[in-house]
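See structure below.
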């Protein structure tokens with residue numbers, strides 16, 4: 001849950017950081033949209049636990065636990081709902 | 001939760017991969033929409049645990065656990081909400 | 001979580017199956033809409049655990065567990081949100 | 001999770017049943033809307049566990065458990081989101 | 001989860017009760033909207049456990065438990081989503 | 001879950017408090033929007049547990065627990081859905 005910063009601090013960090021990982025929510029296809037939802041879900045985890053090594057060590061624990069896998073799928077579903085709305089459901 | 005890739009990497013993978021599993025969110029009927037919501041839920045699991053054998057081995061654990069079954073149904077409900085909105089609730 | 005099929009396979013199954021259980025999301029009253037949300041929640045469970053006997057055996061476990069009952073109510077709430085939007089909140 | 005009935009069966013039951021508990025989602029005030037969201041949450045529980053005596057016996061277990069209380073509040077929040085949208089957020 | 005009352009009973013209680021705690025969802029600023037979301041989350045708990053003394057005794061249990069704190073934050077997030085939509089995201 | 005105050009009390013506190021941490025939901029980019037969603041999630045925790053020292057002591061517990069990390073990511077996903085809608089999905 002990390003230390004509480006004001007919205008401005010977080011946004012300033014996002015602005016200054018050279019790491020632009022989320023340029024847009026717009027994708028060409030639903031499948032790319034689903035891939036983006038996965039990225040957003042993983043970033044949500046990485047923001048709380050920035051240490052990639054720790055995340056890697058945790059993998060055996062959640063990747064073999066059905067409830068963890070279902071919970072992770074639920075996060076993807078919530079982000080996919082956002083990305084699909086952003087792309088007007090790819091209704092050409 | 002897998003390794004954190006930028007949105008572009010995931011999307012590039014989705015674009016290049018010959019496996020087009022999600023061409024569209026549009027379905028003819030609500031029942032097909034519900035089936036699509038199930039596919040999306042399962043893909044959310046498979047993305048976190050790509051090994052089909054491992055997923056198969058986990059089945060007895062979650063398929064006999066009411067809380068796991070309820071949680072899985074909740075993921076389907078979230079995706080169905082997205083698919084139903086994409087199809088304007090099949091209101092002809 | 002079942003085996004991962006492409007969206008087409010699930011939809012094809014839904015199309016071919018003679019069992020049309022979800023003809024429409026439109027209902028006459030909110031109360032019928034709530035009943036439909038319950039059906040959708042139960043179908044989400046039945047898709048993951050198709051064996052009615054197993055589901056019946058699990059009933060004593062979840063029907064006496066407050067957290068399971070609350071979680072089940074949350075799935076109904078998510079589906080009811082979808083059905084209510086589909087019916088424009090029955091605002092005649 | 002009860003036995004799986006087709007949507008028609010549930011709706012038929014809702015139509016025939018003399019117990020009209022949900023005539024409308026429209027309320028005069030946000031506070032009445034919040035009260036309706038509580039009713040909807042409780043009905044979601046009562047549908048899965050229809051026995052009022054059993055529900056009463058379970059009360060000490062969940063009413064003293066913070067996680068159960070938070071989870072119940074989350075169900076109310078989801079239904080309140082639906083009722084608020086139905087009433088156009090009571091924006092006169 | 002309390003005893004199941006019809007929607008009318010709850011609403012009648014809300015109407016008659018002299019305690020008007022939710023006159024409107026409209027706030028001047030997002031920060032006031034976030035404060036309202038917290039009030040709504042707490043009310044959802046208080047409706048299930050009306051005894052303020054019991055709630056106070058439970059505090060040490062949830063206030064030191066990360067999963068309880070995260071779950072409580074999720075309820076606030078759901079209510080904030082409703083309040084933000086009600087205020088058209090304070091987009092002047 | 002804190003003591004239950006009326007909506008007015010919370011809002012009054014938000015108004016009077018010199019600490020303006022949420023001036024707006026509008027951000028320039030999706031990445032800043034994601035940063036804001038993290039701030040909102042953390043504020044939801046800090047409102048329930050205002051003691052920064054306690055929150056810091058809890059960190060080892062949740063930062064090494066996959067289910068806690070997934071649950072935290074789900075809160076971020078819910079807030080990001082709100083912030084994305086507020087910014088019309090940054091669709092220039």
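The values are calculated or read from the model by the stated rules, or taken from the named source; none is laboratory data. These figures come from a predicted structure and were not determined experimentally. Please note: Cβ atoms are built from the backbone with ideal geometry, for glycine as well, and neighbour counts cover all protein chains shown.
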So is residue F:72 more than 8 Å from chain E (Cβ to nearest Cβ), at pLDDT 95 or above, under 12 Å from the mean Cα position of the chain (by Cα) and in a helix (DSSP H, G or I) or not? no
In segment F:21-31, the residues that are surrounded by fewer than 24 Cβ atoms within 10 Å (Cβ to Cβ) and within 14 Å of the chain's Cα centre (by Cα): F:21, F:22, F:23, F:24
If you take the residues of segment F:48-62 that are in a helix (DSSP H, G or I) and facing chain E (nearest Cβ under 9 Å), which of them is nearest to residue E:37 (Cα to Cα)? F:48
So for segment F:12-26 (the condition being modelled with pLDDT of 95 or more and part of a helix (DSSP H, G or I)), does at least one residue qualify? no
Which condition number does residue D:39 fail, the rest of (1) in a helix (DSSP H, G or I); (2) more than 7 Å from chain E (Cβ to nearest Cβ); (3) touching a helix residue (DSSP H, G or I) at 6+ places or on another chain (Cβ under 9 Å) being met? (2)
So which of C:45, C:83 is at the interface with chain B (Cβ under 9 Å from one of its Cβ atoms), within 14 Å of residue B:38 (Cα to Cα) and modelled with pLDDT of 95 or more? C:45
With the structure loaded, tell me whether residue D:53 is modelled with pLDDT under 95 and within 26 Å of residue C:62 (Cα to Cα) or whether it fails that test. no
Could you give me the residue pairs with C-beta distances under 6 Å whose first residue belongs to segment F:19-45 and is free of Cβ contacts under 8 Å to residues at least 12 places away in the same chain, whose second residue is assigned to a helix (DSSP H, G or I) and buried (at least 23 other Cβ atoms within 10 Å of the Cβ) wherever it lies, and which are 6+ apart or on separate chains? F:31/A:14; F:32/A:14; F:35/A:10; F:35/A:14; F:45/E:69; F:45/E:73
